[in-house]
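For reference, the structure discussed in these notes is given below.
Where a number appears in this text, it was derived from the coordinates with a stated rule and is not lab data. These numbers come from a predicted model, not from an experiment. Virtual Cβ from ideal backbone geometry, glycine too; neighbours counted across all protein chains shown.
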Number of protein chains: 2
Amino acid sequence: MANEDSKAHEPARIEIEDDLYGLDPDFVRAVEDALEQGDAATAAALTAPLHYSDAADLLDRLSPEDRVRLVEVLRADFEPEILTELDEGVRDQVIEALGFADLATAISELDSDDAVWLVSQLDEDERTRVLDALSSEDRAIVAQGLSYPEYSAGRMMQRELVAVPAYWTVGETIDYLRASTTIPEAFYDLYVVDPRHRPIGKIGLAKLVRSKRPQRLREIMDDESITVPVAADREEVAFLFRQHDLVSAPVADGAGRLVGVITIDDVVDVIDEEAADDMLRLAGVPDTDLYRAVKDTVRARIPWLLVNMLTAILASSVIGLFEATLEKIVALAVLMPIVAGLGGNAGTQTLAVAVRGLATKELDSDNALRIIGKEVLVGFINGTVLGCIIGPIAWAWFDMPMVGAVIGAAVVFNLLVAGLMGSLIPLTLEKFDVDPAVASSIFLTMCTDSLGFFAFLGLATLLLL
Amino acid sequence: MANEDSKAHEPARIEIEDDLYGLDPDFVRAVEDALEQGDAATAAALTAPLHYSDAADLLDRLSPEDRVRLVEVLRADFEPEILTELDEGVRDQVIEALGFADLATAISELDSDDAVWLVSQLDEDERTRVLDALSSEDRAIVAQGLSYPEYSAGRMMQRELVAVPAYWTVGETIDYLRASTTIPEAFYDLYVVDPRHRPIGKIGLAKLVRSKRPQRLREIMDDESITVPVAADREEVAFLFRQHDLVSAPVADGAGRLVGVITIDDVVDVIDEEAADDMLRLAGVPDTDLYRAVKDTVRARIPWLLVNMLTAILASSVIGLFEATLEKIVALAVLMPIVAGLGGNAGTQTLAVAVRGLATKELDSDNALRIIGKEVLVGFINGTVLGCIIGPIAWAWFDMPMVGAVIGAAVVFNLLVAGLMGSLIPLTLEKFDVDPAVASSIFLTMCTDSLGFFAFLGLATLLLL
């Protein structure tokens, strides 16, 4: 822990500061007012200092009419990165307002990874028109990027990079960096390549700067750095960066040649999206749709609800088997949602832990049995605790001791089912290459509802009639 | 899109590659075998090439006995970063096996941010003993780090950084970097400070290297870079990095002096944790507990289940109000879980989108009303679609047209409630500084269950009896 500047201790209590960044509502309102009064000069003055991400957030928030007006204001000096930060529905509208000529200009100014991504988001027809509007060189780069599968390293990488031969000295390299006009503006690592352009080592800029000018790159390069295959899944790339605390990684094609570089800022977006997507999918939403039109939101969410309706009807038909029992003891109808609900809640706990474990590779086929066993045991213990509480409550409520015994036993059984299914279902789906976050909770609710009702009403029929 | 190396197109179809990284089960088994046979030499040879994150994953996976054995194998050459990557329960065990002397050595070798974090994870008693074992200089650094609030920028930052005065030339700076022994091994940006050590600008290493030696730093520095206050919440820091695609940011104390730097690798962990924590908390799990002991897992999960039991009892007592109705028409008991379940599912969709929106600052008090309005409308439309399907099904099932009408109307009402509550509850909790991910789904289920049962059974009582 070498320390640059060891100052006196801070005062004992420091209040943590929230809400430091992000758009200020007053600012948004000022821009809206300017746009609505047709005051382009004020709108331009207000928005000029914005970072492109903030400009994108602002566009997201405006009404569709104001959005079109703001695009006009920004057009002369449009930062192309804005397009990469917009929400999906908003982006379509902004692209339409911008027109194909300005869109093609924007795309040609972007880093290749962003350009490829943006073109990939266009529909077939728009894509053809935009590609036609690009220079032939840019078109070739974008077309090649698009040839890689979605969610692959090839799509994430940028082609702008610094590749140098191993026999160069530090001095030669620094002189090259000073003189070259084709290398990217910001970069963190240099890649050392062999004569066939295959990566053989990596040198951090800090290391290069701190080495003596006559030293050969061969002597200072890190030759244990990992090369990512162009077809690697983006989740694998994110895992690698997180696991090894990387800032950049070289990407090689099938022949082992260096074709691009993935930098941490691209990976940050993937990490954030993947983790958030798991949450949204577990909850039955395909994507975040905060700013999407009502019609598209309805269309995106209703399939999940329809599938859930089918499982709910299935659970109801289980109840239907016991109509005769329910007619005799209506207390059972009052209590039965408790059994199903507790099972669903406990199962969701297990499910979330399992989905997260699969995403971080902490859970896999190797330790699956151990984790399932643990979850079943946890379910049994939690079920016993809850059963011992709800049993006496039910007894006292309806003054029927056997109803208390039946609900207690059913809760133990259903939490055991929840622990088993909550871990088994995502593991099984993963095995069959189905995203466990998407489908797990449907199967889980089906089990905990149907089996919960069956255990409770079945036991009651056996013991109470 | 400057392009270094525009090769021929790739073959048309590339298969995406999964499962590239992470520990190989066969490798884990080989290590286990060596440890269990007391073959320390083989175990050492196997584990020596591991990256510290992989070594930590390996320790996570081993049985408690093998873990202690592996610590002995690694002890002579223990990489301190392993301790920062272990799961909580495992870390406690490894620290115990390591002993205080070796723990103190490890801590003194870590970057200051990791050292502070690790010490913060120890309990009171261990913390005192470890601090005593540190050199007085390291102790002062750790103690100061601990004086910042948990989850603040002060806890995330490392004190190792490169600070240079604005009047230096590029040449002087590079000479200083070559000669200095106190600057960190890897860094991406230099900070330009005024005589009172306040940050006034930032220079990326690439820019420094590419500038001419006689240039003054003042001329090439970026003076619009953002300084993070030491008390900033770590979520704010993560937002800033993601929003502005930063790789590092300077941290200043209350007097504006540069006290540390936050680098992207620390932020990556925060981004990943925050997004995953939202998922886990929505599902009622305080933390990922895959490798935790059964007893601790039970203790962590049962409070949530107990609260849910209370809300389930509340919902049941709503059903209890209509016992007389249920006695007469048992079909209602069969159908009522459908109404509650659909409401819960639709509400969870809205909830997940709202929680994510709050985390990304896309949802705030400024556009809250608009979003709530949209969600209510989406709920109404989805409810109408589902009601029009379930109504006829119920009619046909029980041959009672009015039962169909009642369940249809109840579903519309309950999905409207779900849209309203799914957006209103997290916004309200956020306003009162309660983590919306933790408590939202409890309140939501309470509303959709109780109001769903009430609407369905109440309407049935009015219309069918």
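Charging the Cβ of each Asp and Glu at -1 and of each Lys and Arg at +1, and nothing else, the dipole of the stretch B:58-112 about its Cα centre rounds to 180 debye.
Here's the picture: charge each Lys and Arg Cβ at +1 and each Asp and Glu Cβ at -1 in chain B, and of B:Ala115, B:Pro303, B:Thr428 the one pushed furthest to the positive end of that dipole is B:Thr428. Could you give the size of the charge dipole of the stretch B:294-464 about its Cα centre, using +1 on the Cβ of each K and R and -1 on the Cβ of each D and E, expressed in debye and rounded to the nearest 20? In debye, rounded to 20, the stretch B:294-464 gives about 180.
Give, as a single signed number, the net charge of other residues whose beta carbon lies under 14 Å from the beta carbon of B:Leu326, with Lys and Arg counted +1 and Asp and Glu -1.
With Lys, Arg at +1 and Asp, Glu at -1, the neighbours total -2.
Counting other beta carbons within 10 Å of each Cβ, put A:Met279, A:Met402 in order, fewest first. If you can, show how the numbers build up before the last one.
On the way: A:Met279 29, A:Met402 15.
So the residues, fewest neighbours to most, are A:Met402, A:Met279.
Put simply, the amide H of B:Val164, placed in the peptide plane, has neighbours under 5 Å in B:Tyr191, B:Val192, B:Val193, leaving out anything fewer than 5 places away on its chain.
Along the axis of the charge dipole computed for the protein assembly as shown (Cβ charges of +1 for Lys and Arg, -1 for Asp and Glu, origin at the Cα centre), the listed residues B:Asn367, B:Ala324, B:Ala44 are led at the positive end by B:Ala324. If R0 equals 41 Å, the separation of the Cβ atoms of B:Leu321 and B:Glu65 corresponds to a calculated FRET efficiency of about 0.10.
Residues B:Lys431, A:Lys374, ranked from the fewest to the most other C-beta atoms within 10 Å, line up as B:Lys431, A:Lys374.
Let me have the 222 nm mean residue ellipticity of chain A computed from DSSP H runs of 4+ only, each contributing -39500 (n - 2.57), with the sum over all residues rounded to the nearest 500. Could the numbers behind the result be given before it?
Details: 22 runs with 306 residues, N = 465.
Helices in chain A give a 222 nm mean residue ellipticity of -21000 deg cm²/dmol.
Measuring between their Cα centroids, the stretch B:132-165 and the stretch B:44-98 lie 25 Å from each other. Over the Cα atoms of the stretch B:25-151, the radius of gyration divided by the Kirkwood radius equals 1.00; this is the Rg/Rh ratio. Close amide H contacts of A:Val259 (hydrogens built in the peptide plane, cut-off under 5 Å, sequence separation of 5 or more or a different chain): A:Val251, A:Ala252, A:Asp253. The charge dipole of the stretch A:172-331, taken about its Cα centre with unit charges on the Cβ of Lys, Arg, Asp and Glu (plus for the first two, minus for the last two), comes to roughly 420 debye.
Position A:Pro195: other-copy label points at 5.9 nm, ordered by increasing distance, label point 7 Å along Cα→C-beta.
What list do you get for B:Arg234, B:Arg155 if you sort them by fewest beta carbons within 10 Å?
B:Arg155, B:Arg234
For the stretch B:252-316 versus the stretch B:340-405, the inter-centroid distance based on Cα atoms is 27 Å. Comment: the Cα-to-Cβ extended label point of B:Pro25, at 7 Å, lies 5.4 nm from its counterparts in the other copies, nearest first.
What does the charge count around A:Ala352 come to, taking other residues whose C-beta lies under 13 Å from its C-beta (Lys +1, Arg +1, Asp -1, Glu -1)?
Net local charge, A:Ala352 excluded: -2.
Return the equivalent ellipsoid semi-axes of chain B as a descending list in whole Å, where each equals the square root of 5 times an eigenvalue of the C-alpha gyration tensor.
54, 31, 23
Within the protein assembly as shown, antiparallel bridges make up roughly 70 percent of the DSSP beta bridges whose residues both belong there. By the scheme Lys and Arg +1, Asp and Glu -1, what is the net charge of all other residues having a beta-carbon under 14 Å from that of A:Leu98? Summing Lys and Arg as +1 and Asp and Glu as -1 gives -4. In this calculation the C-beta distance from A:Arg299 to B:Asp399 is compared with R0 = 25 Å, giving a FRET efficiency of 0.15.
In this structure, A:Val307 and B:Glu273 have a Cβ-Cβ separation that, at R0 = 30 Å, corresponds to a calculated FRET efficiency of about 0.45. For chain B, hydrophobic long helices are taken as DSSP H runs at least 20 Å long by C-alpha position along their axis with mean Kyte-Doolittle hydropathy of -1.0 or more; these are B:264-282, B:294-320, B:331-359, B:368-398, B:401-431, B:436-464. Across the alpha-carbon set of the stretch A:294-464, the Rg to Rh ratio works out to 1.03, Rh being the Kirkwood radius. Computed from phi, the 3J(HN,Hα) profile of the stretch A:199-213 under the Karplus parametrisation 6.51, -1.76, 1.60 (θ = phi - 60°) reads x, 10, x, 9, 10, x, 4, 4, 5, 4, 4, 8, 8, 6, 4 Hz, with x in place of Gly and Pro. In the stretch B:25-151, Cα pairs under 8 Å separated by at least six residues give a relative contact order of 19 percent. Here A:Ser365 yields copy-to-copy label distances, from shortest upward, of 5.4 nm, the label point defined as 7 Å from Cα along Cα to C-beta. The relative contact order of the stretch A:248-397, computed from alpha carbon pairs under 8 Å that lie at least 6 residues apart in sequence, is 10 percent. For chain B, averaging the sequence separation of C-alpha pairs within contact (under 8 Å, six or more residues apart) and dividing by the residue count gives a relative contact order of 10 percent.
Modelled label positions at B:Glu126 and B:Val434, each set 7 Å beyond Cα in the direction of Cβ, lie 3.3 nm from each other.
Rounded to the nearest 5, the antiparallel percentage of DSSP beta bridges internal to chain B is 75%.
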